[in-house]
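Take a look at the structure below.
All of the numbers you see were taken from the coordinates with simple rules; none came from a lab. Being a predicted model, the structure only gives us computed values, none of them experimental. A quick note on method: Cβ atoms are made from the backbone with ideal geometry, for glycine too, and the neighbour counts reach across all protein chains shown.
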Amino acid sequence: MAKYKSLFKVRGSLDDVNFYKTEDGYRMRTKGGVSKERIQKDPAFERTRENNNEFGASASSGKLLRRSILDMVSNAKDSKLASRLTQRMIKVKNQDQTSFRGQRKVEIGIQTPEGKAWLKGFNFNRKAPLEEVLQTDFSLDTVTGEVTITDFTPTQKLYIPPGATHVEFTTGFLNLDFATKEKDLQLSNTVNVAINATTSTVTLTPSAAASGSGQSIYLLKIAFFQDINGLQYPLKNGEFNALQIIEVL
């Protein structure tokens, strides 16, 4: 994709060139291309139809996951989350070794160790990867979904964004069936601590184990707040908040 550099910030169309703005600056692209009808019917575009079918299914799986954890991801995401998660789902889908080309599915790929590995470690906010925000180890009980962070000292084991006075921890235990779309998300208690030199153990226990026959997905979220006159306010609308898939079973 070409980048447009100029003293003038142009939007709209000029002849066969479209100018538009993105998060990364201004871009330009030419109009035209193969008609939709030809792609749908021409035998020469069979591979394209297969790719489009798998891409659409992967995008739907990513959307399903995002909506399943809406309560957690709403203030811990970046502007490119949808496209990044779709690309990750494509990697998961590629692990489907049984379906015909054009019909490979995330719900089959995710059942393989390789498919699970592609989803594990995914950060919903690329600007705040969990491994950079939380600079210490934690343990996970996959039966209950409980996460424990022992000997946690905020000023020593946490990346602290400017202005933050408090940090909040939450975990999620999600059971998601990508085939039937059935889902069950169980959230843990919330632990909110002042950012100081006090050492404590953070224990996060979901209210129950997630039920269902799908995949077990475990998440850990860290959110920052600023205390002003005794009230805590989200720091910069969640720009520094981290949310990661820490395990997939």
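Only sites in a loop by DSSP and with at most 15 other Cβ atoms within 10 Å count here; which GluC sites (Glu not before Pro) in the range 133-238 make the cut?
Values: sites: 146, 168, 182; in loops: 146, 182.
Here the GluC sites (Glu not before Pro) that fit, given the DSSP loop and packing criteria, are 182.
Of the chymotrypsin sites (Phe, Trp or Tyr not before Pro) in the range 80-134, which ones lie in a loop per DSSP and count no more than 14 other C-beta atoms within 10 Å?
Details: sites: 100, 118, 122, 124; in loops: 100, 122, 124.
Within the range 80-134, the qualifying chymotrypsin sites (Phe, Trp or Tyr not before Pro) (loop, at most 14 other Cβ atoms within 10 Å) are 100.
Could you tell me the ratio Rg/Rh of the range 115-232? Both radii from Cα atoms, Rh via Kirkwood. Please list the in-between numbers first.
On the way: Rg = 15.5 Å, Rh = 15.4 Å.
That ratio is 1.00, to two decimals.
Once you've got the Cα coordinates, tell me which of 120/236; 105/236; 77/183; 105/157; 91/221; 93/157 are over 32 Å apart.
Details: 120/236 27 Å; 105/236 38 Å; 77/183 21 Å; 105/157 40 Å; 91/221 24 Å; 93/157 36 Å.
In this structure, 105/236; 105/157; 93/157 lie more than 32 Å apart at Cα.
Among 65-75, 226-236, 86-96, 187-197, how do they line up by average Cβ neighbours within 10 Å per residue, starting with the highest?
Result, highest mean Cβ count within 10 Å first: 86-96, 65-75, 187-197, 226-236.
For the range 130-248, with the dipole built from +1 on Lys and Arg beta-carbon atoms and -1 on Asp and Glu ones, taken about the Cα centre, which of 203, 155, 241 lies farthest toward the positive end?
The one lying farthest along the dipole's positive direction is 241.
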